[in-house]
Structures are given as structure tokens and as C-alpha cells.
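What follows is one structure encoded as C-alpha cells, with my remarks underneath.
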Amino acid sequence: MNEFDNWPVEEPEAPPLPELPVFAMPDDEPPAPEPALPQGEPPAPRRSCWFKGLVLLLVVSLLGWGLVSAVWLYQRSRSSTAVSPATPAALASRIAYINQNGQVVTIDPDGNNGRLLTNASFSYQFPTWSPNGQQLAAIAQDTIYLLPDDEDTDPISLYTDTRQNPFYLYWSPDGRFLSFLTNDPQHGIGLRLVSADQTQEVRLLATGSPFYWNWTSDSQQMLIHTGTSGEDARLALLDTNSFDNAQEIAAPGFFQAPGISANGRFWAYAEDRGDGTSWLVVTDQETGESWQERHSGMVALGWSPTNTKLAFTNGAQERSTTFWGPLRLFDAATGETQLLSANTILGFFWSPDGRYLATINTGDANQDFGINVADTGNGRRALLTKPSPQTSPHQFNLAVINIETGEEKQLLSFSPSILFISQFLPFFDQYALSHRIWSPNSDAVVLSLLDDSGSHVTVIPIDGSASIDLGRGEMPFWSPPLSSP
């Protein structure tokens, strides 16, 4: 990824907002007083033997019935727990965002149980959830902070450097490490690694500019892509334990983030053939076979999280630096490619269950249905240039495509925030690997929508039901389901 310019964003004039309420959880209720132990009873008068026998029989019967009841209740509780283990995790999913004061907030998707995780005089950027959903990492003042999702815990500094300042975070799949990019005075951009438990020193893995990568599922390697083209560009498999022995893969073509399928078997990237052409390549790591297709423009790609289907877009103009165009789907199992949407797609995001693709599109259909056909006209749009510090004039559409049926449903038209246009959307294929806009249940997405009062964090159900406004804020991202401690 490229270094981001951090320019001030001026919101339109609006009535002054009330002070942000302090998100406080109700105090724990005091424990219920223990029941008083029964006092000793006065000795009872002597009874006859037959009466004592009757009492003994009743006591034994009651004890037996109590034992049977206890066993029944235990089995019932075990059965109830066994049939719905995923329900608590699903309900525990949360959304993190940056509020209007630049602080990190987490909240339930229905707007309840909000927590203010930071309360500093400086602003944070781009919070990212750990894989277990129990903590976040965020950047502020040239420092990476670890933030447990708990108001009573102070932020923990993992890395700080004013000269090699961080600007992008990406957790390893096992949650043990944070990989991140820094501005490197000598090499442009550096890829570094820090352990979340701070048991290892921060390591510089590689340099290059721009820089994109994808973790392997075992958290041991990274498929990296640096540079644009020519001798400075690199596509390699990097071993996080010994990065000196990186495996060079191919001469990279015109694309950004490389892709690794969910099962690790297939890789996807663009390759430069040396004659000015770029080819989309999917390689089978088990058989060595590959599928190749020439493309125009730049390619943006992303694998399904559940199977071996690859979604991708590419620009219409030959050798253009844009990837906006129709959305297609390649099935590595069959080798077939299908057109999913003829709209001009600016970004796409897989749902966790692999059934849907959420897309950001311009609403105008692109008539170039052939991937190999280069548009001789101007294939660029002045949408992703550095914006003026004003309200975004652009109107984008949010749509959802059902992969099984091919149905494309336009959910809403919205004005994106300046931050969304300038820093998130141009690198959506990299952010899709590290930041989630989909709910864990694949039933809603979260975005920041712009209106006259500023950017609002909004939960948008894909069934068309009413959206939920969570309040003023930016950079909303969904957590994975919480795992058990």
C-alpha cells in the first residue's frame, strides 16, 4: 500500500453536538447475602419405634427423588448447551469505530452496550480487531496501541517511532502477531512484525513501495507484492522466521494485493509477460497447473472465505492504473468464469459465509463485457483523487450479489466520507484482508454514511429492513465472533 496523506477533514457546519456520553457499564450487583445457617433445634420428645421407621422411610424417599431430579436437571442443561454453542458468540459480535472526538468506541450492532476504549487528547485511526474478537489495535501519534475491548484497561503501546511511523495494520491469522507498514526514510515503505504479547523484538521483514501482502493460514508465511513493474517490482513468498530465503514467484503485473484461497491450494495474482501485457494468473499449488487470462487496466481480486471462487475486477483502459469495471467470478474447481455485474464496481467484499458479495458501484453499467477488450476512450474517473476538505459530492451505490442465484440487489445510494474515498476504497482489496465490514452472520454490513451533520456509522441489513444509525463516527469495522477464553 502507499503512504496515506493525512490532511484535515473539515465537516460541514452543523449545530454543536452534545458532549459524548460516558459509556459506562452498570456496576456489578453486590452478591446476594448468604443464607443464615439454621440454628440448633431443641431436642424432640421420644417417639415410638414405628414412628421412627416411618420418618426414616420418608427421608430416604426424599433423598432418592432429589438425586433423580438433580441428574435430570444436569442432563437437560448439558443438552441445552450442546444444541446452540454458536449463539452466544454470534450475539457477542461488536463494531469498532472512531467517534467524532477521534476516540475508539466499540458497540453492539443494535446500538447498545457502548464502550469508550480511549480518552486521549490525540486521535486514533483505523482500528482493527484481533482474530479472537477480544481486543483491537489502532494507530495514534506514530504509535501502535493494543486496546482490549474493556473500558477499565489502559491502551498498551506495542510500537512507536516518529521517523518510521506506522500507517496500516494486519493481524496474523493466529492472533500472535501484528504485521504493519511504516514509512522508511531509506526504502520508502517497510513491512514490520511485532508480537502482541511483546515477547519478541519488532522485526523489519522487507521493504518496497507500494506494498501489499496476504498471510498464509498457518501464520508462518506471507505472499508479498511490492513495487509497480520492472526491476523494482517483486512477488515473493516470505517466511516470517527467515525472510532472507524468500521464494520469488513471478514478475508482477498490474495488480495490488495477492490472493490465497481459503484452503491455501490456489494463489491469484497478475503477471508481467515482459511485452507490456499483464495476465491474471491462478496457480494450483498441489498440481502446478495454472489458469491465465490477459486483462486490461489493473486487476483487483479476492477469494471467497469458504471455497475456491475468485472475484475480480479490472480497468477498461489498457495499462491504466484503475481497477474499476464489471465484476467477474472465476471458479478454480471448474475453470469457468462468469459475469456477476456489468456495473462499474469500485470495491467488493465477501460475506463470511461465502454466499454474497457486497459491492460499491457507481450505478452506471459498463458495456464492455469482455475482459480482454481494451477501451480506447478514457477509462479513468476523477473519483479517487485527493479531495478538497469539503463534503463529498459523490453518490455511490451499495449492492449485494447472491452468488448462488446471481441476483444483484441495490440496497441504497449514499455519499461516502472523504476518508472512505481517499484512504479505504483505493486499497479495498488489501483492507478486505484485515478489516471487516460484514457481520459475522453475513446478514448486514456497516459503513460510514455522510449527511449534512457529518459521517454516521450505519448498520445496513441486506434483507432491506431499516438501517441502524449508531451515531457520529468513521472507520467502522465488525469483529469476528468472540471466542471462549
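What follows is calculated from the coordinates using simple rules that are stated; it is not laboratory data. The structure presented is a predicted model; accordingly, all values stated were derived computationally and were not measured. Neighbour counts are summed over all protein chains in view; Cβ atoms, including those assigned to glycine, are modelled from backbone coordinates with ideal geometry.
Worth a mention:
- Unit charges on C-beta of K, R, D, E only; dipole of the range 211-357, Debye: 520
- Length released on extending from T207 to D244, taking residue separation times 0.36 nm less the Cα-Cα span: 12.1 nm
- Formal net charge of residues neighbouring R265 (Cβ-Cβ distance under 14 Å; K, R +1; D, E -1): -4
- Backbone N within the range 122-146 under 13 Å of label point (7 Å from Q198 Cα along the Cβ vector): 144-146
- Peptide packing: for 278-289, 139-150, the average count of neighbouring Cβ atoms within 10 Å per residue gives the ranking 139-150, 278-289, highest mean first.
- Normalised convex hull volume, the range 99-160, alpha-carbon set, Å³ per residue: 87
- Shape class for the range 262-317, computed from the alpha carbon gyration tensor (a ≥ b ≥ c): oblate, with a/c not under 1.5 and a/b at or below b/c.
- Judged by the mean number of other Cβ atoms found within 10 Å, the most tightly packed of the peptides 249-255, 437-443 leads the ranking 249-255, 437-443.
- Local charge for R163 was computed over the other residues whose Cβ lies under 10 Å away, with Lys and Arg +1 and Asp and Glu -1, and equals -3.
- Only one residue of S219, G302, S290 has its Cα farthest out toward the positive end of the dipole of the range 209-352, where Lys and Arg carry +1 and Asp and Glu -1 on Cβ, and that residue is G302.
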